[in-house]
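Colleague: Pasting a structure here, questions to come.
The values are calculated or read from the model by the stated rules, or taken from the named source; none is laboratory data. All of these numbers come straight from a predicted model, not from anything done at the bench. Cβ: placed from backbone, ideal geometry, glycine included. Neighbour counts: every protein chain shown. Accessible surface is based on the protein model in full, side chains and every heavy atom, while ligands, DNA and RNA are left aside. Shrake-Rupley method; radii C 1.70, N 1.55, O 1.52, S 1.80 Å.
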Amino acid sequence: MPTKKNLTANRASLGHRIGYALHHPNRVPHYLTRAARDLWLRHRHTDHVSYYRAVMRSDTRADPDTAVGSRSRERWLALGAMQFDYLLGHGLRPEHRMLEIGCGNLRGGWRFIRHLEPGHYYGIDISPDILSAAQDTVVEMGLQQQLPRLTPVRDLTLRFLPDAHFDVVHAHSVFSHSPLAVIDECLAHVGRVLAPGGWFDFTFDRTEGEEHHVLREDFYYRTETLTALAERHGLRARFMDDWEELPHGQSKIRVTHGALDT
Ligand SMILES: C[S@@+](CC[C@H](N)C(=O)[O-])C[C@H]1O[C@@H](n2cnc3c(N)ncnc32)[C@H](O)[C@@H]1O
C-alpha cells in the first residue's frame, strides 16, 4: 500500500506548527528539544555539513538505527530491504560497482555488500560516528570478506574517486537532509564518476507547494527543482513512479548520463 504523502503542507509555517502541536501534543517536548539543539548547533557551525555532522554525532550516540531514521531494528531491516529489493528489481548485479552516498550505518548497505562482489561497494558519509556504527554492522552481518570501503567525506565533490567507475550510485534519505547547494555540488560531480550506462538514484522529500525546511534538518523540494538542477549539469533526470507504490514517505529521482530526449 503506497504511503499517503502530504504534498502541500508547509511544515515551517507557524499555522502548520500550531496545528501539528494541537493534534500531537505528545510530540511537542521532542520537537522543542530538537529546536533547542538546532539553535545551539547553528550557533556553533556556520556551514551545513559540519552542522549536520554534529546532528548525526548527537543522534548516533543515542542510537544509530534511530539516527538514520528507523524507530526500531525491525523497521531498520524493513527499510533496508525496501532499498535493496527496489535496486535488485532494477537490475543491480553482483559485478556492478556501487557508490552509496550517505551510507549511514548500512541499513541498505549491508544487503548491497552481501550481494556485490568483494570490493565493489563504496560507502561515503560526512559522519565519522555513523561510519563507526557501519563497521559494527559489517561485523554483525559477518561481511568482512566482502571488503566494503567506508570513507568519511567533507563534501560531495567526489574528487578522490575515479572517472566512469560506478554503475550504480545510491543516496537514500540524504537529500531530504540537504540544502540545495549540497545537492547542486553532488549533481555537478556525480556524472564524472558514473560509468556509461550507470544510474544515480536519490530520494527526496517532495512538496508540490512552497519549498521549505524544518530546523535545517528536513528539506522539502519540488520535483522540477531537482530535475532542472540535474539537467543543468548535463544529466538526464526522471521521476520514479514505481517507487511511489512502495510504503515510503519520500520520492525518488533517477539520474543518468545524457540530456533529455526532445
Ligand atoms: C537518514 S540517514 C540515511 C542513511 C542511509 N542512506 C540509510 O538509508 O540508512 C542520512 C545519512 O546521510 C549522511 N549525510 C547527510 N548529508 C550528507 C552529505 N552532504 N554527504 C554525505 N553524507 C551525508 C548522514 O550523515 C546520514 O548518515
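Colleague: Which pairs turn up if I take residues in segment 68-85 that are exposed (fewer than 15 other Cβ atoms within 10 Å of the Cβ) and look for partners that are assigned to a helix (DSSP H, G or I) with beta carbon separation below 9 Å, at least 6 apart in sequence or on another chain?
Modeller: So the pair list comes out as ARG71/ASP65; SER72/ASP65; SER72/THR66; ARG73/ASP65; ARG75/ASP65; ALA81/ARG111; ASP85/ARG111.
Colleague: Turning to a different aspect of this structure: So which residues in segment 32-83 are in contact with a Lys or Arg (Cβ under 8 Å, 6 or more places away or on another chain) and hydroxyl-bearing (Ser, Thr, Tyr), if there are any at all?
Modeller: TYR51, TYR52, SER58, SER70
Colleague: Going by the structure shown, is ASP163 more than 10 Å from the ligand (Cβ to nearest atom), farther than 16 Å from ILE101 by Cβ and either among the acidic types (Asp, Glu) or part of a strand (DSSP E or B) (or both)?
Modeller: Taking the combined requirement at face value, the residue satisfies it.
Colleague: Now for a different question. Within segment 101-139, work out how many residues are under 23 Å from SER58 (Cβ atoms) and open to solvent by 30 Å² or more (accessible area, probe 1.4 Å).
Modeller: Of the residues in that region, 6 qualify.
Colleague: Need at least 2 residues that are among the β-branched types (Val, Ile, Thr) and surrounded by fewer than 16 Cβ atoms within 10 Å (Cβ to Cβ) per element, so show me which strands (runs of 3 or more DSSP E) inside segment 218-262 make the cut, counting only ones lying wholly within it.
Modeller: So the answer is none; nothing clears 2.
Colleague: I'd like to verify a number: residues in segment 143-157 that are near the ligand (Cβ under 10 Å from one of its atoms) and either among the aromatic types (Phe, Trp, Tyr) or buried (at least 20 other Cβ atoms within 10 Å of the Cβ) (or both), how many?
Modeller: Residues in segment 143-157 being near the ligand (Cβ under 10 Å from one of its atoms) and either among the aromatic types (Phe, Trp, Tyr) or buried (at least 20 other Cβ atoms within 10 Å of the Cβ) (or both): 1 in total.
Colleague: Across segment 127-159, what is the number of residues that are part of a loop (DSSP other than H, G, I, E, B), more than 13 Å from GLU100 (Cβ to Cβ) and not polar (S, T, N, Q)?
Modeller: Residues meeting the conditions: 7.
Colleague: Looking at the structure I just gave you, is ASP184 free of Cβ contacts under 8 Å to residues at least 12 places away in the same chain and either more than 16 Å from ALA12 (Cβ to Cβ) or within 13 Å of the chain's Cα centre (by Cα) (or both)?
Modeller: Judged against the criteria, ASP184 is not a match.
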